[in-house]
Amino acid sequence: MTALFVQEIFMKVPIRIAVTGAAGQISYSLLFRIANGDMLGKDQPVILQLLDITPAQQTLRGVAMELEDCVFPMLHQVIITDDPKIAFRNAEIALLVGARPRSKGMERYDLIKVNAETFAEQGKILNTYAAPHVKILVVGNPANTNALILLHNAPNLDPRNISSMMRLDHNRAIGLVARKLSQPVTSIRKMIVWGNHSSTQYPDLSHAEMDGRSILEFLPDRNWVENEFVPTVQSRGTVVIEARGLSSAASAANAIVGHMRDWIFGSPPDDWVTMSVLSDGSYDIPAGVLYGFPVTCQNGNYRIIQNLPISETGHRNMMASYLELLKEKEQVKHLLQQ
Ligand code: NAI
C-alpha cells in the first residue's frame, strides 16, 4: 500500500460550504480563510459553492481563479453560480453574506424592504436543497431580521441551526477594553453584546472579566463605560466606513470564521461568545426574534447563558434593541409564514 493510498483512505469527506455575496468585499477575505482551513481545520477538505448575482459573475470568476492559484491543499472544488439552487445543493454550512448595500439616502427600513424578499427566497431554497442539518449564518444586513425571515421560510430546518452575526460587535468590544487597559485581548472574557446588529445594540461590560476578576474593578470610571465604551462599540462600523471609504470586511470575515468555528467545535472554556439566535423568553426578551445573547457551544449546539443579574439600565437598553427588532419584524410580517 503506497503512502498516497493510505492518505486517500483516511481523508475526511469534503464539506460543502455555500457562500452568498461571494464576489463582494467580505468574501474576498473570507473565502481564502476558509480554504486555508482557519474555520474547519487544516485536515478538513472543503468544496466552496459560491453564489452571486448575474452581473457579478465575471468578478466571481476572478475570485475562483485566485482561489485555484493559492493551491490550498484542503480546497477540493470551487463552484461558481448565479443560481441559489446550485449554490445551496447539499450544503452543510451556508454563509449568507450577500445583500444589497445601503445606498446614499437610504433609511434602514428601505434596506429591510429590498433585502427581505431575497432572504425569503433563499430560505425556501435552503429548505429544499441544503443538507437537512445545514448550519446557517446570516451576515447580510439587516442580519437579525433577514435571519428571521429565512427561518420562517425554511420550516424543515432546525431553527437552532440558524443564527445571525453579532461576533464582530463582540470582538470590537473586547478589543476596545483591551486597548483601554493595555492588556492582551486574551485576558478579557465574558463579553456580551445584546440585541440587534445596529446602533441599538447594547455592549455590556457588567459580566466581563479580566484574569478571573470583574472587569469593572479595573474600570472604575463609570463615565468611560457608559459614555465612551458603549457608543464607541455601537458606532464602530460607521467610523470604519468613514476612515476606509468601505465597510468592515476583513474583520467581518474574521468574525464569521470565529462564529462558525466556535459553534461547530465548541466555545472556549470558562468563556462565552455572543451569537444572535432565536429568542426563547430568556432575559424577558419575548420569543420570536433573532437577538444577540451570550452563549456557550458544545457538540454543534449553543446554549444561552442563564440567570445573569441584569441592572435596571441594562434591562432598559436590552428592551430598546428588542423593540427595534419588533418594528423590523412588523415590517416584514407578510414574509413570515409560520
Ligand atoms: P459588498 O457590497 O462588497 O458585497 C455584497 C455582495 O452581495 C455583492 O457582490 C452583491 O452582488 C452580492 N449580492 C447582492 N444581492 C445578492 C443576492 N440576492 N444573492 C447573492 N449575492 C448577492 O458587501 P460586503 O462588504 O461584502 O458586505 C456584505 C453584507 O454584510 C452587507 O449587507 C453588510 O452590511 C453586511 N455586514 C454585516 C456585518 C455583521 O456584523 N452582521 C458586518 C459587516 C458587513
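The values are calculated or read from the model by the stated rules, or taken from the named source; none is laboratory data. Note that the structure is predicted; figures quoted are calculated from it, not measured. Glycine also receives a Cβ, built like all others from the backbone with ideal geometry; neighbour counts cover every protein chain displayed. In case anyone asks, the SASA skips ligands and DNA or RNA and just uses the protein heavy atoms, side chains included. Shrake-Rupley method; radii C 1.70, N 1.55, O 1.52, S 1.80 Å.
As a summary of the residue check, ALA91 satisfies the conditions (1) more than 12 Å from the ligand (Cβ to nearest atom); (2) outside any loop (DSSP other than H, G, I, E, B); (3) within 20 Å of the chain's Cα centre (by Cα) except for the one numbered (2).
Checking VAL71 against (1) among the hydrophobic types (A, V, I, L, M, F, W, C); (2) modelled with pLDDT under 95; (3) more than 14 Å from the ligand (Cβ to nearest atom), which single condition isn't satisfied? Unmet for VAL71, out of (1) among the hydrophobic types (A, V, I, L, M, F, W, C); (2) modelled with pLDDT under 95; (3) more than 14 Å from the ligand (Cβ to nearest atom): (2).
For ALA255, the test of being within 13 Å of the ligand (Cβ to nearest atom), of a type in the set (A, V, I, L, M), at pLDDT 95 or above and surrounded by fewer than 16 Cβ atoms within 10 Å (Cβ to Cβ) is failed.
Within segment 132-149, the residues that satisfy the criterion of being open to solvent by less than 10 Å² (accessible area, probe 1.4 Å) and more than 14 Å from the chain's Cα centre (by Cα) are VAL134, ILE149. The condition of being of a type outside the set (Ser, Thr, Tyr) and closer than 23 Å to ILE241 by Cα holds for only one of LEU40, LEU96, LEU67, LEU48, that being LEU96. Selection of segment 258-275 for residues being surrounded by 20 or more Cβ atoms within 10 Å (Cβ to Cβ) and either modelled with pLDDT under 95 or within 16 Å of the ligand (Cβ to nearest atom) (or both) yields HIS259, MET260, ASP262, TRP263, VAL273, THR274, MET275.
Just so you know, in segment 41-88 the residues that are touching a residue at least 60 places away in the same chain (Cβ under 8 Å) and in a strand (DSSP E or B) include one that is farthest from GLN25 (Cα to Cα), and it is HIS76. Might you check whether a residue that is in contact with a helix residue (DSSP H, G or I) (Cβ under 7 Å, 6 or more places away or on another chain), surrounded by 13 or more Cβ atoms within 10 Å (Cβ to Cβ), basic (Lys, Arg) and not assigned by TED's automatic domain parsing to the domain that holds LYS42 occurs anywhere in segment 329-338? For segment 329-338, residues in contact with a helix residue (DSSP H, G or I) (Cβ under 7 Å, 6 or more places away or on another chain), surrounded by 13 or more Cβ atoms within 10 Å (Cβ to Cβ), basic (Lys, Arg) and not assigned by TED's automatic domain parsing to the domain that holds LYS42: present.
The set of residues in segment 99-109 being within 13 Å of the ligand (Cβ to nearest atom) and either open to solvent by 70 Å² or more (accessible area, probe 1.4 Å) or not hydroxyl-bearing (Ser, Thr, Tyr) (or both) consists of ALA99, ARG100, PRO101, ARG102, MET106, ARG108. For segment 168-189, the condition of being farther than 30 Å from VAL233 by Cα and away from the ligand (no atom under 15 Å from the Cβ) holds for none of the residues. Just so you know, in segment 10-26 the residues that are in contact (Cβ under 8 Å) with a residue 60 or more places away in the chain and near the ligand (Cβ under 6 Å from one of its atoms) include one that is most open to solvent (accessible area, probe 1.4 Å), and it is GLN25. Please tell me if GLY245 is assigned by TED's automatic domain parsing to the domain that holds ARG179, open to solvent by less than 70 Å² (accessible area, probe 1.4 Å), farther than 30 Å from GLN298 by Cβ and touching a helix residue (DSSP H, G or I) at 6+ places or on another chain (Cβ under 9 Å). No.
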